[in-house]
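The values are calculated or read from the model by the stated rules, or taken from the named source; none is laboratory data. Everything quoted here is computed from the prediction, not taken from an experiment. Note that we place each Cβ from the backbone using ideal geometry, even for glycine, and neighbour counts take in every protein chain shown. The protein model used for the area step is the full one, side chains on, heavy atoms only, and it has no ligands, DNA or RNA in it. Shrake-Rupley method; radii C 1.70, N 1.55, O 1.52, S 1.80 Å.
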Amino acid sequence: MLRRKADWAKAIGWTDEEKKLLALLDRSRVPVHVAIIMDGNGRWARSRGLPRGFGHRAGVESLREVVRASSDLGIGMLTVYAFSTENWRRPSEEVGLLMNLLVEYLNREMEELCANGVRVNAIGRTADLPPAAVKALEWSRAKSAGNEGLLLNLALNYGGRAEIVDAVKGLVGDVVAGKLAPDQVDEKAVGRYLYTTGLPDPDLLIRPAGDLRLSNFLLWQLAYTEFWLTPVLWPDFRRLHLLKALVDFQRRERRFGGLHNP
Ligand code: IPE
Ligand code: IPE
Ligand code: MG
């Protein structure tokens, strides 16, 4: 039951550039929920003349750093897009490598994640992942279930449309079974059938690697999320970029369709 306090002053090793950004951050307005499309691993490897797998490996290091910084900064939850329902279209060697990296990451990091109070969860059609991945996820979930710090939500075999289809199936099933009346179906009710049930919508979406699209990520939940896009490739993404995104986020005015604040 560890809850690591966000103690920015004590967090070690901030560079001068990071310290300048930290000074601009309002601690009371750090986003509760940050979502990240971890993209650009292949391009990172290609630019170095390396096979794509090197990019995926390097991407895991970015995830480590971002999870750690998010926990230190007091972000409540981090939902990271790690494997989409469309990523099965890639060669089986690449898919296999990504699954191995997932298992390796969980096995290697769980101790430190737990020491920092991180709770691990996964969203998506995770039952259809290879058995070793399913097992590692179950183990990680169970091991970290009591932690009360950052929630690390791994989107795996995740698709926004698949999620909506699954939600509709669950909802229709409950209506047919008489557990839910048709006139009780509203936005809140739909939200309860999504994989993200109980979680607030992301405040901030970060997409590295320069593409300007959602690629089927959190279609329902991103309705009023602030976007932060950068050409930086995910394996080059560091906590400095996270801090830039947070400072930028705090300068935005979120109106949710209402009026401009005078
Ligand atoms: C993101 O990097 C990782 C996954 C989609 C699993 P990519 O592999 O998509 O890298 P690019 O987009 O080809 O550079
Ligand atoms: C989105 O990246 C999925 C993940 C990062 C897991 P993709 O590389 O699959 O997206 P597209 O194909 O460029 O839209
Ligand atoms: Mg990509």
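Summary table below
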| read-out | value |
| --- | --- |
| The chain - accessible surface per residue (Å², probe 1.4 Å) | 52 Å² |
| Net lengthening on full extension, ALA132/ALA189 (0.36 nm per residue, minus Cα-Cα) | 17.1 nm |
| Region 116-262: relative contact order as a whole-number percent, Cα under 8 Å and 6+ apart | 20 percent |
| The chain - percent of accessible surface contributed by carbon and sulfur, probe 1.4 Å | 54 percent |
| Total charge dipole magnitude, region 138-262, about the Cα centre, Cβ charges on Lys, Arg, Asp, Glu only, Debye to nearest 20 | 320 debye |
| Percentage relative contact order, the chain, counting C-alpha pairs under 8 Å, at least six apart | 28 percent |
| Where GluC sites (Glu not before Pro) fall in DSSP loop in region 175-262, at most 12 other Cβ within 10 Å | GLU253 |
| Protection proxy ranking, peptides 157-170, 114-127, average beta carbon neighbours within 10 Å, highest first | 114-127, 157-170 |
| For the chain, size of Cβ-based charge dipole, Lys and Arg +1, Asp and Glu -1, in debye | 320 debye |
